[in-house]
Amino acid sequence: MADRGDFATLVRAWRDRLQPAAVGLPSGPGRRASGIRREELAMLAGISVDYVVRLEQGRADSPSDQVVSSLARALQLSASDREQLFVAAGLAPPMPSTVPTFVPPSIQRLIGRLPDVAVAVYAADWTVLMTNAAWDSVHGRMPTAGLERNLLFRHFSGMSDRLVRQAGEADRFERAIVSDLRITTIRYPEDRALRELVARLQRLSERFRALWADVQVAHHQTEHKTVDHPVVGPITLDCDVLAVPGADLHVVTFTAEPGSEDASRLDLARTLGASEPATLPTPATVDTAHARQGQDARQGQEPRRGQDARQGQDAR
């Protein structure tokens, strides 16, 4: 059984340890807390303030693995501290046999220092883990739950996005992400959620089935991509996919050439902020049974409003 007192002690201690500047929050003489405030932790983790209070007081039973993962990410815990938090919550720490969803504090800090670059962090299976404000402004806010957070599912199910892809560009993109997924299934053969994702995609898309059967290795390249922003209009940006081998993550960046018209449009999009979701999911596209991507078993929480797991950034 979980030691709720130990879990509460850990959360309080690590909240007090985390300095506001480390997550992009202002610090000043008016602060009574030595670290970040409860409401700030709630914002960073995407849960309600009331639930954070109950967790810290030991009054919340059995926090879900998704809640514990969100808290670990918001508190910028090391791998060993994260494991300790899972054990204190009475949960088995995520094992290497499953696709990692942990974003190291160093990556969070890096993203927090790139406010003019649109950045998203994806797991090895191309499920989005966090985005920054610039990404949301350019692409729209990502959905907060379900399979629609997975890039392959969104693409091969025909969900709309703001990217304008030419025929050759679409083919290269599809081959690269399918190749990534195949490598991921080899690396994590015991991940049931991953197997279910592949099976779902095979049932869903003839194009995916053909690429999956092709068994061709493909790689991502730096490319110019055009985003059709609903207010600013088309913005042509350089897209790079960076690997984080130790954490098995994909970091995707969109940048503009300094001084160009596209740089001005990107700045305008950032100023306007994220005004609408990236897509409008329908019930048919939401798989609430997907263990890693769609369960909102957040006892006592309020629904998240957008992708608020933006550690290291100013709240907009």
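The values are calculated or read from the model by the stated rules, or taken from the named source; none is laboratory data. Remember, it's a predicted structure, so these values are computed and weren't measured experimentally. We work out accessible area using only protein heavy atoms, side chains counted, and drop any ligands, DNA or RNA first. Shrake-Rupley method; radii C 1.70, N 1.55, O 1.52, S 1.80 Å.
Between the C-alpha center of segment 1-53 and that of segment 112-129 there is a gap of 23 Å. Mean silhouette area of segment 165-267, derived from the convex hull of its C-alpha atoms and averaged over all directions, reads 8.4 nm². Of the solvent-accessible surface of segment 55-203, computed with a 1.4 Å probe over protein heavy atoms with every protein chain present, carbon and sulfur atoms account for 53 percent.
Each residue of segment 238-254 is assigned a 3J(HN,Hα), and the resulting list reads 8, 10, 10, 10, 9, 9, 10, x, x, 9, 6, 10, 10, 10, 9, 10, 10 Hz, derived from the Karplus form 6.51 cos²θ - 1.76 cosθ + 1.60 (θ = phi - 60°), x at Gly and Pro. Close amide H partners of residue 141, meaning residues 5 or more places away or on another chain with modelled amide H under 5 Å apart, are 276, 278. With protein chains left intact and a 1.4 Å probe, residues in segment 137-181 average 31 Å² of accessible area per residue. Taking square-rooted eigenvalues a ≥ b ≥ c of the alpha carbon gyration tensor, is segment 169-214 rounded, prolate or oblate, where a/c under 1.5 means rounded and, failing that, a/b exceeding b/c means prolate? Here segment 169-214 falls in the oblate category.
Expressed as a fraction of 2.2 N^0.38 Å, the C-alpha radius of gyration for segment 1-81 is 1.05.
Computed from the C-alpha gyration tensor, the three semi-axes of the ellipsoid equivalent to segment 74-207 are 27, 22, 12 Å, from longest to shortest. Compute the Cα gyration tensor for segment 14-152, then decide on rounded, prolate or oblate, letting a ≥ b ≥ c be the square roots of its eigenvalues: rounded whenever a/c is under 1.5, prolate when a/b is larger than b/c in the other cases, and oblate in all that remain. Oblate shape, in that a/c is at least 1.5 and b/c is the bigger or equal ratio.
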